[in-house]
Amino acid sequence: MGMQRFLEGRMSFVRDLLRSDVDVTYGDIVLVTCAVLSACAAHRWPRAGRDSDKKKFTRLLIEHSAPEFRTSWISIPSLLNDGLIGEGETPWGTPGSECRIFCDDEIDLALQEAVARFPQITPQKIREYSYASLIYKLLRCAYSHEYRPHVSINEVEASRREARISYIGRISANGTERRVSFHLEYLIRLAEYHVSILP
(Lines give C-alpha, C1' and ligand atoms only; values in the text may rest on other atoms or scores of the structure.)
Protein backbone atom coordinates (compact mmCIF):
# COMPACT_ATOMS: atom_id res chain seq x y z
CA MET A 1 0.00 0.00 0.00
CA GLY A 2 2.96 2.36 0.53
CA MET A 3 3.79 2.51 -3.19
CA GLN A 4 0.14 2.97 -4.15
CA ARG A 5 -0.30 5.85 -1.71
CA PHE A 6 2.89 7.47 -2.96
CA LEU A 7 1.75 7.27 -6.60
CA GLU A 8 -1.73 8.52 -5.69
CA GLY A 9 0.06 11.49 -4.15
CA ARG A 10 1.95 12.12 -7.40
CA MET A 11 -1.30 12.13 -9.35
CA SER A 12 -2.93 14.48 -6.80
CA PHE A 13 0.13 16.69 -7.23
CA VAL A 14 -0.45 16.72 -11.01
CA ARG A 15 -4.10 17.71 -10.54
CA ASP A 16 -3.11 20.40 -8.01
CA LEU A 17 -0.52 21.80 -10.42
CA LEU A 18 -3.12 22.13 -13.18
CA ARG A 19 -5.50 23.97 -10.82
CA SER A 20 -2.80 26.24 -9.40
CA ASP A 21 -1.39 29.56 -10.55
CA VAL A 22 2.01 27.93 -11.06
CA ASP A 23 3.34 28.24 -14.62
CA VAL A 24 3.18 24.55 -15.50
CA THR A 25 3.81 23.19 -18.99
CA TYR A 26 2.45 20.24 -20.91
CA GLY A 27 5.88 18.63 -20.55
CA ASP A 28 5.85 18.96 -16.77
CA ILE A 29 2.56 17.09 -16.53
CA VAL A 30 3.60 14.46 -19.09
CA LEU A 31 6.91 13.82 -17.34
CA VAL A 32 5.31 13.10 -13.95
CA THR A 33 2.42 11.14 -15.46
CA CYS A 34 4.70 8.91 -17.56
CA ALA A 35 7.00 8.38 -14.57
CA VAL A 36 3.97 7.14 -12.61
CA LEU A 37 3.09 4.74 -15.44
CA SER A 38 6.71 3.49 -15.54
CA ALA A 39 6.59 2.95 -11.77
CA CYS A 40 3.36 0.96 -12.12
CA ALA A 41 4.99 -1.26 -14.77
CA ALA A 42 8.13 -1.77 -12.68
CA HIS A 43 6.01 -2.58 -9.61
CA ARG A 44 3.88 -5.09 -11.54
CA TRP A 45 6.94 -6.96 -12.92
CA PRO A 46 9.75 -6.31 -10.43
CA ARG A 47 11.74 -9.39 -11.42
CA ALA A 48 11.31 -9.15 -15.17
CA GLY A 49 14.98 -8.32 -15.53
CA ARG A 50 15.24 -9.36 -19.17
CA ASP A 51 12.25 -7.25 -20.16
CA SER A 52 13.12 -3.74 -21.25
CA ASP A 53 11.46 -0.70 -19.76
CA LYS A 54 9.69 -0.23 -23.09
CA LYS A 55 8.31 -3.77 -23.07
CA LYS A 56 7.02 -3.49 -19.49
CA PHE A 57 5.54 -0.03 -20.13
CA THR A 58 3.69 -0.99 -23.32
CA ARG A 59 2.65 -4.36 -21.90
CA LEU A 60 1.16 -2.63 -18.87
CA LEU A 61 -0.86 -0.26 -21.02
CA ILE A 62 -2.07 -2.86 -23.51
CA GLU A 63 -2.73 -5.81 -21.20
CA HIS A 64 -3.98 -4.05 -18.08
CA SER A 65 -5.82 -0.92 -19.24
CA ALA A 66 -9.60 -0.74 -19.26
CA PRO A 67 -11.04 -0.98 -22.81
CA GLU A 68 -12.13 2.68 -22.88
CA PHE A 69 -8.48 3.78 -22.91
CA ARG A 70 -7.96 2.03 -26.27
CA THR A 71 -4.26 1.65 -25.64
CA SER A 72 -3.93 -1.04 -28.34
CA TRP A 73 -5.61 1.15 -30.95
CA ILE A 74 -3.51 2.26 -33.90
CA SER A 75 -2.73 5.89 -34.73
CA ILE A 76 -3.46 6.19 -38.45
CA PRO A 77 -1.81 9.65 -38.80
CA SER A 78 1.38 8.22 -37.31
CA LEU A 79 1.39 5.47 -39.96
CA LEU A 80 0.93 8.23 -42.53
CA ASN A 81 3.77 10.35 -41.12
CA ASP A 82 6.18 7.44 -41.44
CA GLY A 83 5.19 6.76 -45.05
CA LEU A 84 3.59 3.38 -44.35
CA ILE A 85 0.25 4.44 -45.85
CA GLY A 86 -0.84 7.20 -48.21
CA GLU A 87 -3.11 10.14 -47.47
CA GLY A 88 -5.75 8.63 -49.76
CA GLU A 89 -6.07 5.74 -47.29
CA THR A 90 -7.13 8.16 -44.54
CA PRO A 91 -10.07 10.56 -44.10
CA TRP A 92 -7.71 13.36 -45.20
CA GLY A 93 -7.92 11.89 -48.68
CA THR A 94 -11.58 12.94 -48.91
CA PRO A 95 -11.93 16.19 -50.92
CA GLY A 96 -12.44 19.14 -48.59
CA SER A 97 -10.87 17.37 -45.60
CA GLU A 98 -7.20 18.09 -46.35
CA CYS A 99 -6.82 20.56 -43.46
CA ARG A 100 -9.35 19.10 -41.04
CA ILE A 101 -8.54 18.42 -37.39
CA PHE A 102 -9.45 14.87 -36.44
CA CYS A 103 -9.99 13.26 -33.04
CA ASP A 104 -9.11 9.63 -32.33
CA ASP A 105 -12.69 8.34 -32.73
CA GLU A 106 -12.86 9.78 -36.23
CA ILE A 107 -9.67 8.37 -37.72
CA ASP A 108 -7.90 5.71 -35.63
CA LEU A 109 -8.59 1.97 -35.77
CA ALA A 110 -8.63 -1.00 -33.44
CA LEU A 111 -5.59 -3.21 -33.99
CA GLN A 112 -7.44 -5.96 -35.88
CA GLU A 113 -9.17 -3.42 -38.13
CA ALA A 114 -5.81 -1.80 -38.95
CA VAL A 115 -4.22 -5.19 -39.71
CA ALA A 116 -7.11 -6.05 -42.06
CA ARG A 117 -7.12 -2.65 -43.78
CA PHE A 118 -3.35 -2.45 -44.32
CA PRO A 119 -2.19 -5.99 -45.25
CA GLN A 120 1.00 -4.54 -46.76
CA ILE A 121 2.23 -3.77 -43.21
CA THR A 122 3.10 -6.63 -40.88
CA PRO A 123 1.02 -6.88 -37.69
CA GLN A 124 4.24 -6.55 -35.67
CA LYS A 125 5.02 -3.25 -37.40
CA ILE A 126 1.47 -1.96 -36.97
CA ARG A 127 1.69 -2.62 -33.20
CA GLU A 128 4.52 -0.07 -33.04
CA TYR A 129 1.86 2.59 -33.76
CA SER A 130 -0.45 1.67 -30.89
CA TYR A 131 -1.29 4.39 -28.40
CA ALA A 132 0.76 2.49 -25.80
CA SER A 133 3.86 2.43 -28.00
CA LEU A 134 3.46 6.07 -29.00
CA ILE A 135 3.01 7.21 -25.40
CA TYR A 136 6.28 5.47 -24.62
CA LYS A 137 8.19 6.74 -27.63
CA LEU A 138 6.79 10.24 -28.19
CA LEU A 139 6.13 11.24 -24.58
CA ARG A 140 7.87 9.11 -21.97
CA CYS A 141 11.23 8.86 -23.76
CA ALA A 142 11.24 12.32 -25.33
CA TYR A 143 10.54 14.14 -22.08
CA SER A 144 12.61 11.84 -19.85
CA HIS A 145 15.73 12.04 -22.00
CA GLU A 146 15.53 15.53 -23.52
CA TYR A 147 12.69 17.30 -21.65
CA ARG A 148 11.13 18.32 -24.92
CA PRO A 149 8.45 16.86 -27.16
CA HIS A 150 9.13 14.49 -29.99
CA VAL A 151 8.90 16.26 -33.36
CA SER A 152 5.56 14.53 -34.01
CA ILE A 153 3.94 15.92 -30.85
CA ASN A 154 1.82 19.03 -30.68
CA GLU A 155 1.72 20.17 -27.04
CA VAL A 156 -1.44 22.19 -27.57
CA GLU A 157 -4.47 19.95 -27.94
CA ALA A 158 -5.59 20.20 -31.56
CA SER A 159 -9.26 19.96 -30.62
CA ARG A 160 -11.27 21.26 -27.67
CA ARG A 161 -13.62 18.32 -27.98
CA GLU A 162 -13.29 15.55 -25.43
CA ALA A 163 -10.86 13.06 -26.93
CA ARG A 164 -7.97 10.79 -26.15
CA ILE A 165 -5.90 12.15 -29.02
CA SER A 166 -6.38 14.80 -31.69
CA TYR A 167 -4.41 15.52 -34.84
CA ILE A 168 -3.54 18.65 -36.77
CA GLY A 169 -1.58 19.22 -39.97
CA ARG A 170 1.62 21.27 -40.09
CA ILE A 171 3.37 22.34 -43.28
CA SER A 172 7.01 21.26 -43.45
CA ALA A 173 9.70 20.86 -46.09
CA ASN A 174 8.37 17.34 -46.69
CA GLY A 175 4.78 18.47 -47.16
CA THR A 176 2.05 18.24 -44.54
CA GLU A 177 2.93 16.39 -41.34
CA ARG A 178 0.24 15.26 -38.96
CA ARG A 179 1.03 16.25 -35.38
CA VAL A 180 -0.25 14.15 -32.48
CA SER A 181 -1.84 15.74 -29.42
CA PHE A 182 -2.29 13.35 -26.50
CA HIS A 183 -4.87 15.10 -24.34
CA LEU A 184 -3.68 15.63 -20.78
CA GLU A 185 -6.94 14.52 -19.21
CA TYR A 186 -6.66 11.20 -21.06
CA LEU A 187 -3.07 10.66 -19.89
CA ILE A 188 -3.88 11.61 -16.30
CA ARG A 189 -6.92 9.32 -16.15
CA LEU A 190 -4.84 6.50 -17.64
CA ALA A 191 -2.17 6.91 -14.95
CA GLU A 192 -4.77 7.23 -12.18
CA TYR A 193 -6.40 4.01 -13.39
CA HIS A 194 -3.12 2.08 -13.25
CA VAL A 195 -2.36 3.41 -9.79
CA SER A 196 -5.81 2.28 -8.66
CA ILE A 197 -5.20 -1.32 -9.83
CA LEU A 198 -1.61 -1.57 -8.62
CA PRO A 199 -1.11 -5.15 -7.43
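Which value, in debye to the nearest 20, gives the size of the charge dipole of the chain about its Cα centre, when Lys and Arg are +1 and Asp and Glu are -1 at the Cβ? Walk me through the numbers before you get to the answer.
Working: 26 positive and 26 negative charges, 149 e Å.
Dipole about the Cα centre, nearest 20: 720 debye.
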Could you give the angle, 0 to 90 degrees to the nearest 10, between helix 26-44's Cα long axis and the longest principal axis of the Cα atoms of the chain?
-> 60
Ranking by accessible area, most exposed first, for His150, His145 with a 1.4 Å probe | His145, His150
Of Ala41, Ala163, Ala116, the one that fluctuates the most in a GNM where the chain has Cα springs shorter than 10 Å | Ala116
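As a check on your grasp of the helix formula, calculate [θ] at 222 nm for the chain: sum -39500 (n - 2.57) over DSSP H runs of n ≥ 4, divide by the residue count, round to the nearest 500.
Numbers: 10 runs with 93 residues, N = 199.
Mean residue ellipticity, 222 nm, calculated: -13500 deg cm²/dmol.
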Measure nothing fancy, just the Cα-based angle from helix 184-196's long axis to the longest principal axis of the chain, in degrees from 0 to 90, nearest 10.
-> 40
Label-to-label distance, nm, for residues given as Asp23 and Tyr193 (7 Å Cα→Cβ offset) | 3.5
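Defining a contact as two alpha carbons under 8 Å apart and six or more residues distant in sequence, what relative contact order in percent does the stretch 1-67 show? Don't jump to the answer; show the numbers that get you there.
Numbers: 20 pairs, mean separation 17.4, N = 67.
So the answer I get is 26 percent.
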Provide Arg47, Arg100 ordered by accessible surface of protein heavy atoms (probe 1.4 Å), highest first.
-> Arg47, Arg100
Add +1 for every Lys or Arg and -1 for every Asp or Glu among the other residues with Cβ under 12 Å from the Cβ of Arg117, and state the total.
-> -3
How long are the semi-axes of the ellipsoid equivalent to the stretch 27-79, from square roots of 5 times the Cα gyration tensor eigenvalues, in whole Å, largest first?
-> 20, 15, 11
For the stretch 122-199: relative contact order, % (alpha-carbon pairs under 8 angstrom, 6 or more apart) | 20
Once the Cα atoms of helix 53-64 and of the chain are each reduced to a long axis, what angle between those two axes, in degrees from 0 to 90 to the nearest 10, is obtained?
-> 80
Using a Förster distance of 41 Å, how high is the FRET efficiency between Glu87 and Glu162, based on the Cβ-Cβ distance and rounded to 0.05?
-> 0.95
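The values are calculated or read from the model by the stated rules, or taken from the named source; none is laboratory data. Owing to the predicted nature of the structure, the values given are computational and were not obtained by experimental measurement. Quick reminder, even Gly has a Cβ in these numbers, built from the backbone with ideal geometry, and neighbours come from all protein chains shown. In case anyone asks, the SASA skips ligands and DNA or RNA and just uses the protein heavy atoms, side chains included. Shrake-Rupley method; radii C 1.70, N 1.55, O 1.52, S 1.80 Å.
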